[in-house]
Structures are given as structure tokens and as C-alpha cells.
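Take a look at the structure set out below.
The values are calculated or read from the model by the stated rules, or taken from the named source; none is laboratory data. What you see is a predicted model, and the numbers here were worked out from it, not measured in a lab. Reconstructed Cβ throughout: ideal geometry from the backbone, glycine too, with neighbour counts over all protein chains shown.
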Amino acid sequence: MILGIETSCDDSCISLVKISNKKTLFHKKISQEQDHNVYGGVVPELASRLHAKFIPDLLQEIRHELPKIKAVAVTNEPGLILSLAQGLMAAKALAIELNVPIIPVHHLLGHLYSVFLDKESFFPLFGLIVSGGHTSIIGAKSYTDITEYASSMDDSIGESFDKLAKMLDLGYPGGPVVEKLAKNGNETTINFTVPLKNTKQIAFSYSGLKNAARLTIEQNTHSKEDICASFQKVCVEHLLNKCEIFFAKMRPKHFAIVGGVSANIYLRSKMINLCQKYKITPLFTDLSFATDNAAMIARAGVDAFLTNNFNKKTALEIEANSRKPFKRAI
Ligand code: KG4
Ligand code: ZN
């Protein structure tokens with residue numbers, strides 16, 4: 001089996017995935033949400049200290065399985081540098097002790113692999129990554145041949161949900177609570193402008209929306225529910241507009257929608273409709289594996305292990321903002 005470790009942000013996670021049938025045998029996450037909630041966002045040093053505490057606790061739970069591990073897959077980029085370092089240090093210590101290789105896994109590739117949990121992988125696969133750190137469209141021809149077709153010019157979609165929640169005093173992380181309030185709101189109350197609407201450019205931008213939301217909140221004339229519903233609507237409409245241009249151009253057969261924000265049911269239903277229009281099969285992961293987890297890292301690690309696609313030297317590098325493995329689409 002492959003051991004996966006994920007500590008790129010504020011979730012301490014480990015997982016075991018069986019190499020032969022790709023089944024997730026073990027997964028556990030210790031979320032630090034409550035610890036960061038009081039600060040209204042992730043505090044990097046606190047996240048790092050908590051990983052240092054939680055990862056050994058989690059490893060204790062699988063100590064009897066350690067002799068069966070063939071490699072340690074660990075998120076090495078991108079993410080909070082102090083958090084990545086904790087996962088990588090644990091992985092290195094284990095790799096030395098067990099005399100097995102380390103497989104560095106790019107976090108975004110990991111998210112893409114969340115649709116392959118317990119399954120065989122296939123390529124090419126295109127997908128939308130919507131998370132706290134990213135809003136990107138990527139395409140993978142193979143485990144190593146990955147192209148980024150679009151990304152955010154400023155904030156990510158998850159960040160914008162988190163910032164709205166902060167402005168409305170709803171706590172952290174914002175996505176789930178904004179989605180919850182939006183269910184009881186009227187999404188047509190506030191006409192937020194859809195970003196980059198009049199351009200065919202496939203790119204994302206969420207910082208303007210944040211300012212528009214701030215001005216609306218300062219007016220104090222709308223309920224939190226209506227603001228959340230209208231905000232969620234425009235965030236998703238922006239994604240749909242850009243995905244539609246991408247679909248018309250690239251005509252993918254399958255399209256993965258992954259990352260923390262893909263836990264949003266409103267987004268899922270709208271993406272399903274859009275995919276139907278273009279006869280594309282949408283791929284999602286179970287709701288519990290949409291946000292950061294180590295199963296997707298271990299699952300990606302299985303493919304790397306089987307195809308021998310890892311370089312021992314790169315395992316020693318950690319990159320906070322690297323885009324190294326991805327080509328930019330022209
Ligand atoms: O993938 P993830 O766990 O971490 C990163 O790689 O960034 O994504 C976390 C993000 C947070 O911004 C959180 O607010 C958002 O995912 N999120 C959601 C929902 N659940 C989590 N956003 C909208 N609706 C949700 N239900
Ligand atoms: Zn993530």
C-alpha cells in the first residue's frame with residue numbers, strides 16, 4: 001500500500017491506498033477549522049504547529065500497517081510553506097525508517113485524482129479546480145503531462161467565499177456557511193456584476209466581487225441570506241461562463257469538478273446542467289473528499305509508483321507557489 005500525507009493548509013490528513021485495486025483502506029483528517037476560526041482565517045504558524053502535533057497522532061493509528069507500505073506520497077507544493085514542511089518532514093522520516101521512496105505530489109494533481117478514488121484512472125482528463133487556493137482549468141494527458149488552461153487573475157473562488165463570510169461575521173471556513181444561508185435567501189435580490197463577462201478570455205477574477213459585496217454589506221439594507229444567495233449565484237455564473245467557452249473550444253468527453261468549493265451543491269447542480277448541454281460526463285468525488293484529504297494524494301501516489309514517475313531528488317524540494325509541473329496553454 002501507499003501512505004499519503006497531506007498538510008498543505010489547515011487539514012492534517014493521512015491515508016492508506018492499496019496498490020493492486022486502488023481502494024482507500026484508511027483515511028483520517030484532523031481539521032484545524034475550530035483553531036483558526038477565532039482569527040477569521042488560517043494562521044500559518046499555528047497550522048504548522050498543529051500539523052506537528054496531529055500527524056504523529058494519526059500515524060500512531062496505523063503503526064501496525066507501516067511494514068506494508070511501499071512508498072510515502074506527500075503533498076510538496078503548492079501550499080503554506082510551514083505546513084508543507086511538516087508533512088514533508090514526517091514523510092522523510094518514515095521513508096528513511098522504512099527504506100521506501102518518497103513520492104512528491106502536486107496538490108492540484110491530487111485534487112484531480114479525487115475523482116479516481118477506489119477506481120482506475122484514465123486520461124486525458126480535463127477539470128475545474130475550485131478551492132481555497134485555486135480557481136483553475138487544467139487538463140492531464142497523463143500523470144506527468146499537465147496543462148493549465150485558465151487560472152484566477154487575483155483571488156480564488158474559495159477565498160472569496162471565505163472573505164464574504166468574514167465580512168458577514170459568519171466564521172471560517174466561509175464556503176459551507178455561505179451555502180447554508182444562501183438556501184434561505186433570494187438570489188435575485190442583488191445584481192452583482194459577473195466578472196469578465198464581455199470577454200472570451202478564459203480566466204477568472206474574484207477580487208472585484210469582494211469589493212462589491214463589501215459595499216452592499218455597508219449599505220445594511222439586505223439580509224445575510226440574500227447577500228449569500230446573490231453572491232453564490234454570481235460566483236457560480238462566472239465559473240459557468242468560462243467553462244462554457246472552454247467546453248465549446250475543447251469538447252472534452254469528461255470533466256472533473258474538484259477542490260473544496262466542489263462540495264457546494266448549488267455549483268454541482270449547475271455544472272451538471274452545463275455538462276449535459278455539451279454531452280460531457282461530469283465527474284465529482286464524494287462530498288467528504290472534495291476538501292483537502294490524503295486519500296487523493298495516496299491515490300495519485302499509486303499511479304506515480306506504478307509508472308515509476310517520481311524523481312527522488314525532487315522529493316527534497318518544497319515549493320509554496322510553484323507551477324512547475326504544469327505547462328501554460330497557449
Ligand atoms: O480544497 P480545499 O479544502 O483547500 C485548498 O486547497 O484550498 O478548499 C477549501 C475551500 C475554502 O475556501 C472553503 O470555504 C471552500 O473550500 N468550501 C466551500 C464549501 N466547502 C468548502 N465553498 C463553497 N461551498 C461549500 N460547500
Ligand atoms: Zn486543496
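For the reader, a short list of remarks on this structure follows.
- In region 18-32, the residue that is surrounded by the fewest Cβ atoms within 10 Å (Cβ to Cβ) out of those that are in a loop (DSSP other than H, G, I, E, B) and on the phi < 0 side of the Ramachandran plot is SER20.
- SER15 surrounded by 18 or more Cβ atoms within 10 Å (Cβ to Cβ), in a helix (DSSP H, G or I) and at pLDDT 95 or above: no
- SER31 being in contact with a Phe, Trp or Tyr (Cβ under 6 Å, 6 or more places away or on another chain) and of a type in the set (Ser, Thr, Tyr): no
- Taking region 1-23 as the range and being of a type in the set (Gly, Ala, Ser) and out of contact with any strand residue (DSSP E or B) (no Cβ under 6 Å at 6 or more places or on another chain) as the test, only SER20 passes.
- For region 202-251, filtering for residues that are farther than 24 Å from LYS277 by Cβ and either touching a Gly at 6+ places or on another chain (Cβ under 6 Å) or among the hydrophobic types (A, V, I, L, M, F, W, C) (or both) leaves 10.
- Cβ-Cβ under 8 Å pairs, at least 6 apart or on other chains, region 173-186 side closer than 17 Å to THR291 by Cα and touching a residue at least 60 places away in the same chain (Cβ under 8 Å), far side β-branched (Val, Ile, Thr) and surrounded by 22 or more Cβ atoms within 10 Å (Cβ to Cβ): GLY175/VAL261
- Residues in region 267-303 that are closer than 25 Å to THR75 by Cβ and either modelled with pLDDT under 95 or among the polar types (S, T, N, Q) (or both): 4 in all.
- Within region 279-290, considering residues that are more than 12 Å from ligand 1 (Cβ to nearest atom) and surrounded by fewer than 17 Cβ atoms within 10 Å (Cβ to Cβ), the one nearest to PRO124 (Cα to Cα): THR281
Residues checked against (1) in a helix (DSSP H, G or I); (2) under 14 Å from ILE157 (Cα atoms); (3) in contact (Cβ under 8 Å) with a residue 12 or more places away in the chain:
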position	(1), (2), (3)
PHE192	no, no, yes
ASN198	no, no, no
HIS222	no, no, yes
SER230	yes, no, yes
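- Each residue in region 146-200 was checked for being among the small types (Gly, Ala, Ser), surrounded by 20 or more Cβ atoms within 10 Å (Cβ to Cβ) and within 16 Å of ligand 2 (Cβ to nearest atom), and 6 of them qualify.
- Residue in region 33-44 that is of a type in the set (S, T, N, Q), touching a residue at least 12 places away in the same chain (Cβ under 8 Å) and crowded, with 16+ Cβ neighbours inside 10 Å present: no
- Pairing each residue of region 249-276 that is closer than 20 Å to HIS134 by Cβ with any residue that is in a helix (DSSP H, G or I) and of a type in the set (Lys, Arg), provided the two are 6+ apart or on different chains, yields C-beta distances under 9 Å for ILE257/ARG268; SER262/ARG268; TYR266/LYS233.
- Per-region count, region 210-269, residues farther than 21 Å from PRO124 by Cα and within 16 Å of ligand 2 (Cβ to nearest atom): 5
- Here the helices (runs of 4 or more DSSP H) wholly within region 70-167 that include at least 3 residues being over 15 Å from the mean Cα position of the chain (by Cα) are 81-98, 157-167.
- Single condition PHE26 does not satisfy, out of (1) closer than 26 Å to GLY175 by Cβ; (2) among the aromatic types (Phe, Trp, Tyr); (3) in contact with a strand residue (DSSP E or B) (Cβ under 9 Å, 6 or more places away or on another chain): (1)
- The residue of region 110-125 that is nearest to ligand 1 (Cβ to nearest atom), among those that are surrounded by fewer than 23 Cβ atoms within 10 Å (Cβ to Cβ) and of a type in the set (A, V, I, L, M, F, W, C), is LEU117.
- Meets criteria (at pLDDT 95 or above and within 16 Å of ligand 1 (Cβ to nearest atom)) for ASN264: yes
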